[in-house]
Amino acid sequence: MSGQLAVVGLGPGDGRWLTPEAAGVLVAADAVYGYGPYLDRVPVREGQARHASDNREEGARATAALGHAARGAKVAIVSGGDPGVFAMAAAVCAEIEAGPEAWRALDLVIVPGVTAMLAVAARVGAPLGHDFCAMSLSDNLKPWELIERRLDAAASAGFVIALYNPISRARPWQLGTALERLRRHLPDATPVVFGRAVGRADERIVITELGDAVAANADMATLIIVGSRETRAVARPCGAPLVYTPRAAAGAST
Ligand code: SAH
């Protein structure tokens, strides 16, 4: 089989965060599949076919791209950020597992990208400087009780928490409930960062404290970083404070 499927991360923003590897794979592709707004970020190449699909059609998009590659084409399927973080790479793997035997023999390449939490962290300092975890707040693919259990466990274990998919029109109350839940474990002064559309023209970064954090600070394009008990906000004479989590845990022998 001569086809190839590349699952490509575009990074969270504009072309500056597209890796040279990703750019090369995209130029070489015969066809590119993806959610419309992500496809719009792929530089246009004459003769390349584009297949835009809706955000929710991940399984169908993966199947279509796999079928196309299996017929011998060089196909790319794109995700914002990194394709392995709450994105297309796992959807493609699931379709390969469930699909025809021939798909397992396909040349599959996953091309990593800068994920949103790293881009947001870099804007404010080093909030992910010590142990951290990442969660999607979406309860489309898992029950809300499981999300609450994980929030409890992560906050009480001292992890900094990066929250993807914090809110949407179909999920209006979950973020407020999650913040309320985190206040059970963490002091009101815990630093919280809301990073919206980072790397794009409409980027907005808000640094606040858990006691003041409200769901209205977030929309679908926002990544939230909730600090641990050790995360600090260091005031600076001009501009925003520096938010960081010290590399050593309290009580560590140095
Ligand atoms: N694969 C993507 C994440 C997809 S889930 C990645 O690695 O970044 C979609 C969520 O990612 C959004 O709800 C938001 O929480 C976050 N996100 C994606 N792009 C972002 C950006 N430019 N700025 C802030 N958050 C972003």
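Looking only at residues that are within 18 Å of the chain's Cα centre (by Cα) and not hydroxyl-bearing (Ser, Thr, Tyr) in segment 102-118, which one is nearest to the ligand (Cβ to nearest atom)?
Pass one, segment 102-118, residues within 18 Å of the chain's Cα centre (by Cα): 110-118.
Going one step further and asking which of them are not hydroxyl-bearing (Ser, Thr, Tyr), we end up with 110-114, 116-118.
Details: ILE110: 12, VAL111: 12, PRO112: 9, GLY113: 7, VAL114: 8, ALA116: 3, MET117: 7, LEU118: 8 Å.
The qualifying residue nearest to the ligand (Cβ to nearest atom) is ALA116.
LEU186 fails exactly one of the following numbered conditions: (1) touching a residue at least 24 places away in the same chain (Cβ under 8 Å); (2) in contact with a Leu (Cβ under 9 Å, 6 or more places away or on another chain); (3) open to solvent by 30 Å² or more (accessible area, probe 1.4 Å). What is the number of that condition?
The one condition LEU186 does not meet is (3).
Cβ-Cβ under 6 Å, sequence separation 6+ or interchain: first residue in segment 102-119 and over 20 Å from GLY72 (Cα atoms), partner surrounded by fewer than 17 Cβ atoms within 10 Å (Cβ to Cβ) and at pLDDT below 95. Which pairs?
Filtered contacts from segment 102-119: no entries.
Looking only at segment 26-45, how many residues end up being in contact with a strand residue (DSSP E or B) (Cβ under 9 Å, 6 or more places away or on another chain), surrounded by fewer than 20 Cβ atoms within 10 Å (Cβ to Cβ) and at pLDDT 95 or above?
Number of matching residues: 3.
What's the number of the condition ILE205 fails, among (1) within 11 Å of the ligand (Cβ to nearest atom); (2) closer than 28 Å to ARG16 by Cα; (3) among the hydrophobic types (A, V, I, L, M, F, W, C); (4) surrounded by 21 or more Cβ atoms within 10 Å (Cβ to Cβ)?
The single condition ILE205 does not satisfy is (4).
Consider GLY99 against the criteria (1) open to solvent by 30 Å² or more (accessible area, probe 1.4 Å); (2) more than 13 Å from the ligand (Cβ to nearest atom): it satisfies all of them except one. Which criterion is unmet?
(1)
Would you mind stating whether ALA121 is within 16 Å of the ligand (Cβ to nearest atom) and open to solvent by 50 Å² or more (accessible area, probe 1.4 Å)?
Spelling it out, it is not the case that ALA121 is within 16 Å of the ligand (Cβ to nearest atom) and open to solvent by 50 Å² or more (accessible area, probe 1.4 Å).
Considering GLY195, GLY199, GLY227, GLY239, which residue is at positive phi and open to solvent by less than 20 Å² (accessible area, probe 1.4 Å)?
Values: GLY195 fails: at positive phi; GLY227 fails: at positive phi; GLY239 fails: open to solvent by less than 20 Å² (accessible area, probe 1.4 Å).
Criteria check complete, one pass: GLY199.
Name the residue, out of ALA178, ALA216, that is open to solvent by 60 Å² or more (accessible area, probe 1.4 Å), within 16 Å of the ligand (Cβ to nearest atom) and either at pLDDT 95 or above or not charged (D, E, K, R) (or both).
ALA216
Pick from VAL114, VAL75, VAL92: which is assigned to a helix (DSSP H, G or I), buried (at least 17 other Cβ atoms within 10 Å of the Cβ) and modelled with pLDDT of 95 or more? First the steps, then the outcome.
Working: VAL114 fails: assigned to a helix (DSSP H, G or I); VAL75 fails: assigned to a helix (DSSP H, G or I).
Result: VAL92 is the single residue among VAL114, VAL75, VAL92 that is assigned to a helix (DSSP H, G or I), buried (at least 17 other Cβ atoms within 10 Å of the Cβ) and modelled with pLDDT of 95 or more.
Could you tell me whether ALA70 is modelled with pLDDT of 95 or more, more than 16 Å from the ligand (Cβ to nearest atom) and more than 17 Å from VAL25 (Cβ to Cβ)?
Values: modelled with pLDDT of 95 or more: yes; more than 16 Å from the ligand (Cβ to nearest atom): yes; more than 17 Å from VAL25 (Cβ to Cβ): yes.
It is true that ALA70 is modelled with pLDDT of 95 or more, more than 16 Å from the ligand (Cβ to nearest atom) and more than 17 Å from VAL25 (Cβ to Cβ).
If you take the residues of segment 80-91 that are within 6 Å of the ligand (Cβ to nearest atom) and out of contact with any Phe, Trp or Tyr (no Cβ under 7 Å at 6 or more places or on another chain), which of them is nearest to GLY59 (Cα to Cα)?
We begin by selecting, within segment 80-91, every residue within 6 Å of the ligand (Cβ to nearest atom); these are 80-82, 85-87.
Add one more test, that the residue is out of contact with any Phe, Trp or Tyr (no Cβ under 7 Å at 6 or more places or on another chain), and what stays is 81-82, 85, 87.
Values: GLY81: 19, ASP82: 18, VAL85: 16, ALA87: 11 Å.
If we take residues in segment 80-91 being within 6 Å of the ligand (Cβ to nearest atom) and out of contact with any Phe, Trp or Tyr (no Cβ under 7 Å at 6 or more places or on another chain), then ALA87 is nearest to GLY59 (Cα to Cα).
For segment 161-169, does any single residue satisfy the condition of being away from the ligand (no atom under 16 Å from the Cβ), over 16 Å from the mean Cα position of the chain (by Cα) and open to solvent by 30 Å² or more (accessible area, probe 1.4 Å)?
Keep residues of segment 161-169 that are away from the ligand (no atom under 16 Å from the Cβ), which gives none.
No, that holds for no residue.
Pick from segment 124-160 the residues that are among the hydrophobic types (A, V, I, L, M, F, W, C) and away from the ligand (no atom under 16 Å from the Cβ): which of them is farthest from VAL206 (Cα to Cα)?
Step one: list which residues in segment 124-160 are among the hydrophobic types (A, V, I, L, M, F, W, C), which gives 124, 126, 128, 132-135, 137, 141, 144, 146-147, 151, 153-155, 157, 159-160.
Narrowing further to those that are away from the ligand (no atom under 16 Å from the Cβ): 126, 144, 146, 153-155, 157, 159.
Details: ALA126: 15, TRP144: 26, LEU146: 28, ALA153: 26, ALA154: 23, ALA155: 21, ALA157: 25, PHE159: 21 Å.
Within segment 124-160, the match that is farthest from VAL206 (Cα to Cα) is LEU146.
The values are calculated or read from the model by the stated rules, or taken from the named source; none is laboratory data. A quick note: this is a predicted structure, and the numbers were derived from the prediction, not measured. Cβ coordinates were reconstructed from backbone atoms using ideal geometry, including for glycine residues, and neighbour counts include every protein chain displayed. Ligands, DNA and RNA are stripped out before the accessible areas are found, and what is left, the full protein with its side chains, is counted by its heavy atoms. Shrake-Rupley method; radii C 1.70, N 1.55, O 1.52, S 1.80 Å.
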